[in-house]
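Below: the structure, in structure tokens.
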Amino acid sequence: VQLQASGGGLVQTGGSLRLSCRASGITLRNYVVTWHRQTPGNQRELVADIGGNSNYTNSVKGRFTITRDAAENTVYLQMNSLKPEDTAVYYCAAGRGTQATLYWGQGTLVTVSS
């Protein structure tokens, strides 16, 4: 099983990025897929999840959107109106719930400049 996260980069405040989490070895539509982020010295934070519906941490509501593409076996995180405090390494994961992660992808770095 492999989750491949991609799409990170450097963007200015107010800009947008779309992160992708492509899976091999599992069918993502059968799992709850989560996006997390982590900054140095801090715990990993759950940002968004998608199962039967989608949920977001308060700080990204209205700016981030998580979606699935079943045909591509990929989950996306569209990030708009980015802020410097969104700077982090973003990880995707899949499991039976947000607290039951089975698989982690590698991180992708998002840097938002002020």
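Some notes on this structure:
- Shown for the chain: the carbon plus sulfur share of the solvent-accessible area, taken with all protein chains present and a 1.4 angstrom probe, equals 45%.
- Placing a label point 7 Å from the Cα of Thr13 along the Cα-to-Cβ line, the residues of segment 62-102 whose backbone N sits under 15 Å from it are 81-87.
- Average accessible surface for segment 14-114: 50 Å² per residue, computed with a 1.4 Å probe over protein heavy atoms with every protein chain in place.
- Spin-label model distance (nm) - Ser113 vs Asn58, 7 Å beyond Cα toward Cβ: 3.2
- Qualifying trypsin sites (Lys or Arg not before Pro) for segment 42-109 [loop in DSSP, other Cβ within 10 Å: at most 12]: Lys61, Arg96
- Measuring nothing but how far apart in sequence close Cα pairs (under 8 Å, 6+ apart) lie, relative to its length, the chain scores a relative contact order of 37 percent.
- The GluC sites (Glu not before Pro) found in segment 33-111 that occupy coil by DSSP, while having at most 12 further C-beta atoms within 10 Å, are Glu72.
- Geometric descriptor of the chain, per residue, is 91 Å³ (volume of the convex hull of the Cα atoms).
- Chain lengthening between Leu46 and Ala100 when straightened (0.36 nm per residue, less Cα-Cα): 18.2 nm
- Whole-angstrom gap from segment 1-55 to segment 77-114, using each part's C-alpha centre: 4
- Ranked from largest to smallest solvent-accessible area, with a 1.4 Å probe on the protein heavy atoms, Leu10, Leu109 come out as Leu10, Leu109.
- Dividing the mean sequence gap of close Cα pairs (under 8 Å, 6+ apart) by how many residues segment 1-54 holds gives a relative contact order of 27 percent.
The values are calculated or read from the model by the stated rules, or taken from the named source; none is laboratory data. What you are looking at is a predicted structure, and each value in this text was computed from that prediction instead of being measured. Neighbour counts are summed over all protein chains in view; Cβ atoms, including those assigned to glycine, are modelled from backbone coordinates with ideal geometry. Keep in mind that these areas ignore ligands, DNA and RNA; they rest on the heavy atoms of the full protein, side chains included. Shrake-Rupley method; radii C 1.70, N 1.55, O 1.52, S 1.80 Å.
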